[in-house]
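J.: Structure below; questions to follow.
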């Protein structure tokens with residue numbers, strides 16, 4: 001991951017022979033992708049746009065503690081980015097809890113709904129969405145959250161979430177398989193009217209990164225520090241925060257070059 005994870009001391013790599021034009025142009029930190037120029041952006045939700053992952057982790061642990069069990073950090077890391085139904089199944093089966101996954105979810109439901117309603121935005125998330133919208137750049141969300149959960153999480157942030165034209169949730173009737181399968185990203189691309197290889201995905205979880213890579217998309221990871229070493233080696237780029245894209249002093253060309261690309265015809 002050292003070559004693809006950005007830090008302030010990293011030097012630009014030289015372009016490969018016959019490379020596609022650099023995604024990020026000619027700035028101080030140039031990264032060359034042998035990839036098509038993106039025509040749309042797809043975001044994950046939890047842990048990327050909204051800071052919900054610590055809330056989810058705490059609530060899962062609180063429910064498990066009702067049965068005398070505490071979730072260790074390594075196990076919690078494996079759960080990040082997975083749908084709540086699958087996460088509950090893994091917790092119940094791995095820890096041999098005396099309840100069904102459905103019963104575990106029922107205990108969790110009122111607790112998590114009360115807390116995620118106050119989820120703060122991740123640094124740079126609202127600003128990036130607004131900047132791309134101003135340039136008429138197609139945007140979508142591909143989230144494992146159900147539609148009701150998505151509505152609760154985003155209700156305090158509608159002034160910028162309403163700018164994202166397509167949302168695919170984990171309970172979408174057209175979605176066959178959840179992350180880490182690529183289906184949710186294919187469905188988001190289809191609804192945007194963009195080919196998968198022309199999509200740029202921002203993801204924070206290992207399972208989400210794997211799904212986007214399998215979908216054939218360009219992937220920028222914005223991982224939890226604990227997950228950085230677990231990211232697939234195929235990931236195209238890695239940022240500490242979405243706010244890096246807006247820091248013109250450190251990375252003057254990142255946002256400019258991305259948003260200068262022509263939007264698809266409406």
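J.: Roughly how many whole Å is it from the C-alpha centroid of the stretch 63-108 to that of the stretch 171-235?
T.: 24
J.: So if R0 is 25 Å, what FRET efficiency would residue 103 and residue 147 give, r being the distance between their Cβ atoms, rounded to the nearest 0.05?
T.: That gives a FRET efficiency of 0.65.
J.: Would you kindly state how much longer the chain becomes between residue 118 and residue 136 on full extension, computed as 0.36 nm times their sequence separation minus their alpha carbon distance, in nm to one decimal?
T.: The span from residue 118 to residue 136 would gain 3.6 nm if fully extended.
J.: Let me ask something else. Distance in nm between label sites at residue 230 and residue 162, each 7 Å beyond Cα in the beta-carbon direction?
T.: The two pseudo-label positions are separated by 3.8 nm.
J.: Additional query: Would you mind checking the radius of gyration and Dmax of the stretch 53-116 based on alpha-carbon positions, in Å?
T.: 10.4, 27
J.: Next question. What FRET efficiency do you get for residue 111 and residue 37 if R0 is 41 Å and r is their Cβ-Cβ distance, rounded to the nearest 0.05?
T.: After rounding to 0.05, the efficiency reads 0.40.
J.: Here's a follow-up. What relative contact order, as a whole-number percentage, does the stretch 200-239 give when Cα pairs under 8 Å and 6 or more residues apart are counted?
T.: It rounds to 44 percent for the stretch 200-239.
J.: Taking square-rooted eigenvalues a ≥ b ≥ c of the alpha carbon gyration tensor, is the stretch 88-199 rounded, prolate or oblate, where a/c under 1.5 means rounded and, failing that, a/b exceeding b/c means prolate?
T.: Oblate is the answer for the stretch 88-199, as a/c is 1.5 or above yet b/c matches or exceeds a/b.
J.: How high is the relative contact order of the stretch 53-116, in percent, with contacts defined as C-alpha pairs under 8 Å that are six or more residues apart?
T.: Answer for the stretch 53-116 is 39 percent.
J.: What Kirkwood hydrodynamic radius do you get for the stretch 167-242 when you take the inverse of the mean 1/r over all pairs of distinct Cα atoms, in Å?
T.: 12.5
Computed from the coordinates by the stated procedures, all read-outs in this text should not be read as laboratory data. Not measured: the values here are computed from a predicted model. Don't worry about glycine lacking a Cβ; one is built from the backbone with ideal geometry, like all the others, and counts go over all protein chains shown.
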